[in-house]
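Student: Just passing along the structure, written as C-alpha cells.
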Amino acid sequence: MAVIFALWMREVRKYFRSPVQMIGTLGSPVMYLGVLGFGLGPIFQRAGEGSYLQFMAPGIICMTILFTSTFSGMALLWDRQFGFLKETLVAPVPRIVIMLGRTVGGATVALFQGILVFLVAMIAGFRPSHALVLPVALLVMALVAIVFSAMGTIIGSSLKEMQGFQIIMNFLVMPLFFLSGALYPLRNLPTALTVLTSLDPLTYGVDALRGVLIGVGHFPIVLDILALTGVALVLLVLGAWRFSLIEV
C-alpha cells in the first residue's frame, strides 16, 4: 500500500506543479462548450431537445477525462526512456502494485481535470438537476478515469517509442469520443452505428454522467455503472499482465 500511495502522490504532485498543463488542457473543452454549446444550441432547441449545453456538458467532461487518463500512459514511456521506470521495477514489490499505483495516479489526475471542466461548464451556464447528485457524478467520473487510465497503461506497456503511442492514441481516442454519444443522442441511429456505440465503453460513462446530472439517459444507470465496472476490472487485469512483461 505504501508503494501505491507513493506512486499515486508522485503523479498528483506532477499535476499540481504544472499549472500550465492544468490550464492548457482546458482549451479543447472550452472550445466545444463555447462553439458547439452555443452555436448549435438554437438548432437543438428547435428540434425539441432542450438546451444543447445541458445535453453536451457531461459528454465534454467525459471527453476531458478520456484524453487526460489515456495520455497518462505516455508518462510510462517517458519514465522508461529516462530510467525512472527501471529504478521503480527493481524495488522489492510486485509489479502489479507499481502498475496500480501509476494507474490510480493517472486516474486521479484525470478526475481533477474533469472537475475543472465541470466548473467551467457551470460558469458557461450548465446546471445539474440537484446538488445531491454530485457525489454520484464523481463516482461515475472516477470509473471513467480508471477505465481509460488502465487502457493507457496497457498501450504504454506494449510500446517502446512515444511516436507509436501518439499514433495509436490518435487512432483510438477520437473514435471512442465521437462514438460515445457525447455530442448527439443515441436513439434512432443506424444499426451499424448503434452497434459501435454499444461497444464503446465511453458511451456508458457519458450516458451515466448525463443521467445522473440532468436525468436524461439512454440506458439504465445501473447498466452503465455495471458496464464501466466490468470494463475497468478487465482492463486492470490486462494492464497488470502487460506491465509484468515490460523489459527495461
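The values are calculated or read from the model by the stated rules, or taken from the named source; none is laboratory data. Model, not experiment: these values are computed from the prediction. Here the Cβ is made from the backbone with ideal geometry for all residues, glycine too, and neighbour counts use every protein chain on show.
Student: With the condition kept exactly as written, say whether any residue in the stretch 161-174 is within 24 Å of residue 101 (Cβ to Cβ), buried (at least 21 other Cβ atoms within 10 Å of the Cβ) and aromatic (Phe, Trp, Tyr).
Tutor: Yes: the stretch 161-174 contains one or more residues that are within 24 Å of residue 101 (Cβ to Cβ), buried (at least 21 other Cβ atoms within 10 Å of the Cβ) and aromatic (Phe, Trp, Tyr).
Student: Looking only at the stretch 212-248, which residues are among the small types (Gly, Ala, Ser), buried (at least 22 other Cβ atoms within 10 Å of the Cβ) and in contact with a Phe, Trp or Tyr (Cβ under 9 Å, 6 or more places away or on another chain)?
Tutor: none
Student: If you don't mind, another one. Given the residues 174, 151, 122, 169, which is the only one that is over 14 Å from residue 211 (Cα atoms), under 16 Å from the mean Cα position of the chain (by Cα) and without any contact (Cβ under 8 Å) to a residue 12 or more places away in the chain?
Tutor: Result of the check over 174, 151, 122, 169: 174.
Student: In addition: Do we have residue 171 as part of a helix (DSSP H, G or I), farther than 24 Å from residue 41 by Cβ and not small (Gly, Ala, Ser) here?
Tutor: Taking the combined requirement at face value, the residue satisfies it.
Student: Among (1) in contact with a helix residue (DSSP H, G or I) (Cβ under 9 Å, 6 or more places away or on another chain); (2) hydrophobic (A, V, I, L, M, F, W, C); (3) modelled with pLDDT under 80; (4) surrounded by fewer than 23 Cβ atoms within 10 Å (Cβ to Cβ), there is one condition residue 90 misses while meeting the rest; what is its number?
Tutor: The single condition residue 90 does not satisfy is (1).
Student: Still on this structure, please answer the following. Of all residues in the stretch 220-248, count the ones that are at pLDDT below 90, more than 19 Å from residue 69 (Cα to Cα) and either among the charged types (D, E, K, R) or part of a loop (DSSP other than H, G, I, E, B) (or both).
Tutor: 4
Student: Go through (1) farther than 25 Å from residue 101 by Cβ; (2) surrounded by 14 or more Cβ atoms within 10 Å (Cβ to Cβ); (3) without any contact (Cβ under 8 Å) to a residue 60 or more places away in the chain one by one and return the number of the condition residue 138 breaks.
Tutor: For residue 138, the exception is condition (1).
Student: Now for a separate question. State whether the residues of the stretch 185-204 include one that is in a helix (DSSP H, G or I), touching a residue at least 40 places away in the same chain (Cβ under 8 Å) and closer than 14 Å to residue 59 by Cα.
Tutor: Checked against the condition, which is being in a helix (DSSP H, G or I), touching a residue at least 40 places away in the same chain (Cβ under 8 Å) and closer than 14 Å to residue 59 by Cα, the stretch 185-204 yields at least one hit.
Student: Do you know which of the residues in the stretch 181-216 that are at pLDDT below 90 and under 24 Å from residue 150 (Cβ atoms) is farthest from the chain's Cα centre (by Cα)?
Tutor: That would be 181.
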